[in-house]
Amino acid sequence: MNKFNLSGKAPKLDRISACVIYDANNGKILHIHSVATFGGITPRDQHEVEREALSLAKESGRELGNVKALHVNHMELKPHVRYKVDLKKQSLVEDVDMLEELMRMRQSSFR
């Protein structure tokens, strides 16, 4: 269990951005890398964040064939929701296909 102790005045959180690495063929998300920016600090360059996200995805064993990156506001991501990238709109959408598949799997396990 990690514990964080802050002393003094904590800096103001300006934003949390996320770089989504996804399969350009089907929109499946392979990795999400979030970056926090605190008050008084220049936000990191998107290309730098993208390179870091790709490196971390590769380190975790992801196959990175035909991938692209999408930059989003991390605060707009709902907890416990699985997303995919809508390839036409280049935006995140809830992955209802995955939810339906999980429901089918769950129902079949009770038969």
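The values are calculated or read from the model by the stated rules, or taken from the named source; none is laboratory data. As the structure is a prediction and not an experimental result, all values here were calculated from the model. In this analysis, Cβ positions are derived from the backbone assuming ideal geometry, glycine residues included, and neighbour counts consider all displayed protein chains. Surface areas here come from the heavy atoms of the whole protein model, side chains and all, with no ligands, DNA or RNA. Shrake-Rupley method; radii C 1.70, N 1.55, O 1.52, S 1.80 Å.
At-a-glance table
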{"read-out": "Looking only at the range 5-37, and only at residues there that are farther than 29 Å from residue 82 by Cβ and of a type outside the set (D, E, K, R), the one that is least open to solvent (accessible area, probe 1.4 Å)", "value": "10"}
{"read-out": "Meets criteria (part of a helix (DSSP H, G or I) and surrounded by 14 or more Cβ atoms within 10 Å (Cβ to Cβ)) for residue 52", "value": "yes"}
